[in-house]
Amino acid sequence: MLKLDGLSRELAGRQLLDRVDLHLQAGEVLALLGPSGSGKTTLLRLVAGFDAPTGGQVWLHGALASQAGRVLLAPERRQLSLALQDATLYPHLDAAGNVAFAVPAERAPSRAARRERAEALLAAMGLSGMGKRQVASLSGGEAQRVALARALAREAPLLLLDEPFGNVDRLTRLDLLARLRDQLGSTTAALVITHDPQDAEALGARVLLLREGRAEAQADSLARLRERGGWAREFVG
């Protein structure tokens, strides 16, 4: 599904990411943890194809997508879906319209079918009956749920989430994490960027801990990461 081989990114003489290796299979959830400036978003941008690495390779679905100095596979051809912390919704569409826009035509060939699928995904994200709400009337947390529903609507095999729960309170976040986990299924892989170890724990995710652009530690769970001791144990608590 996703393989990073010695992935590096340097910008203006600063090493943002330094020889990171990563493997992610279908159905797996991997949480990228680390403090601000550790390289989490840099890694996601390289996976998405927005930037070219200065070293190493990105492999997607068995194909070489990026290598040092080159993006070989454009972002729109990478068979992935992306949701960011700041939900960028289409202001001229209502909540269901935003989600329906991402539903593949082969999944729902008619406008009515796409709308029905959108309403179902909104309900799965805890927004049942809110499909006709205008974007401007949504709270930050509600907009974030719509953005997650839209990301899921694409039914891409790889889901990239960059701090997707930052605009919601703790109780709402735990509910949303559980809902997201239920929606992923066995065929979708997810790469989730978060600064909060509790997010990784709630998702039951594998963990990659980044520090100053380097892979500090990897583990099958947050509990295993705690067993490592040292800075890793100190960071995840």
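About its Cα centre, the chain has a charge dipole of approximately 380 debye under the convention of +1 per Lys or Arg Cβ and -1 per Asp or Glu Cβ, with nothing else charged. Three principal axis extents describe the C-alpha atoms of the range 1-61; from largest down they are 37, 23, 18 Å.
Candidates (i) 14.0; (ii) 12.0; (iii) 12.8; which is the computed mean projected area of the Cα convex hull in nm²? Given (i) 14.0; (ii) 12.0; (iii) 12.8, the calculated one carries the label (iii). Under 14 Å from a label point set 7 Å out along the Cα-to-Cβ vector of residue 26, the amide N atoms of the range 151-195 belong to 156-159, 185-190. Judged by the mean number of other Cβ atoms found within 10 Å, the most tightly packed of the peptides 63-75, 137-149 leads the ranking 137-149, 63-75.
Taking every C-alpha pair closer than 8 Å and separated by at least 6 residues, the mean separation divided by the residue count of the chain gives a relative contact order of 25 percent. One quarter of the surface of the convex hull around the alpha-carbon atoms of the range 32-152 equals 9.1 nm², the direction-averaged projected area. Alpha carbon centre of the range 83-156 versus the range 174-237: separation in Å? With the range 83-156 and the range 174-237 each reduced to a Cα centre, they are spaced 26 Å.
Restricting attention to the range 155-237, close to 50% of DSSP beta bridges with both partner residues there are antiparallel. Averaged per residue, the range 95-237 has 45 square angstrom of accessible surface, using a 1.4 angstrom probe with ligands and nucleic acids left out. Nearest 10 degrees, 0 to 90: what angle lies between the long axis of helix 170-184 and the longest principal axis of the chain (Cα atoms)? Between the helix axis and the principal axis of the chain, the angle is about 90 degrees. The long axis of helix 140-153 is offset from the longest Cα principal axis of the chain by roughly 90 degrees.
Report for the chain the percent antiparallel among DSSP-assigned beta bridges with both residues inside it, nearest 5. Around 55 percent antiparallel, to the nearest 5. The fraction of accessible area contributed by carbon and sulfur in the chain is 46 percent, rounded to a whole number (1.4 Å probe; ligands and nucleic acids excluded).
The values are calculated or read from the model by the stated rules, or taken from the named source; none is laboratory data. Since the model is a prediction, treat every value here as computed from it, not as a measurement. Because the Cβ atoms are built from the backbone with ideal geometry, glycine has one as well, and the counts that use them run over all protein chains shown. Side chains included, ligands, DNA and RNA excluded: accessible areas come from the protein's heavy atoms. Shrake-Rupley method; radii C 1.70, N 1.55, O 1.52, S 1.80 Å.
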